[in-house]
Amino acid sequence: MSDHEGSLAEPAFPGDDGLTDPALAPVLGDTSATLARLGEARVFVPIVAVLGERASDGSDKNADMAAVLMAGADGRQALLAFTSVATLEAWNPQARPVPVYGQAAAQSAVAEGASALILDLGQPHWSVVETDDLRHLAAGDTLAHTPTGTAWVRATE
């Protein structure tokens with residue numbers, strides 16, 4: 001269970017202005033620093049309407065809302081997430097922004113069988129979190145800087 005779980009009656013981000021999370025804004029473009037802060041930062045996962053079956057007269061029979069998974073040329077899938085409502089709307093103005101912590105976005109990607117999370121697709125600072133980094137982010141691990149590079153650290157209870 002994540003530290004970020006709440007109830008539907010209590011919004012996780014009251015008064016959210018839709019701007020890039022202040023903890024994340026200064027590090028965008030720096031892959032390591034972004035990865036170190038992403039789990040605790042608020043991001044937006046786009047939800048889009050997906051048409052279901054059509055009635056015989058051609059009208060929509062039903063529609064569902066779904067998070068967006070993109071498939072790469074190699075067949076691997078990635079969940080999209082954006083740092084602000086503006087970056088999400090630049091990608092698709094019809095998508096509904098759903099605010100979540102970066103860790104929850106990574107957990108959703110893993111649960112959907114995706115091997116990556118693409119952050120801010122179409123923006124100059126876009127980045128990809130994939131494979132082991134995605135699993136560590138989903139698990140709530142912390143990326144630490146060491147004298148020899150970076151390493152994922154798991155909190156113990």
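So here's what we get for this one:
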quantity: Per-residue Cβ neighbour rank within 10 angstrom, fewest leading, D132, D141; calculated: D132, D141
quantity: Sorted by Cβ density within 10 Å, fewest first, the residues T34, T83; calculated: T34, T83
quantity: Potential lengthening between D30 and D132 on full extension [0.36 nm per residue; Cα-Cα distance subtracted]; calculated: 34.9 nm
quantity: Net length gained if the chain between A86 and A144 were fully extended (0.36 nm per residue, minus Cα distance); calculated: 17.9 nm
quantity: Sorted peptide list for 143-153, 89-99, criterion being average Cβ within 10 angstrom, highest first; calculated: 89-99, 143-153
quantity: Förster-model FRET efficiency, 35 Å R0, Q77 and H125, C-beta, rounded to 0.05; calculated: 0.95
quantity: Cut-off 12 Å (backbone N to label point 7 Å along Cα→Cβ of L69), residues of the stretch 96-135; calculated: 108-116
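No lab work stands behind these numbers, since they all come straight from the coordinates. Predicted model only: the values in this text are computed from it and were never measured. All Cβ positions, even for glycine, are placed from backbone atoms using ideal geometry, and neighbour counts span all protein chains on display.
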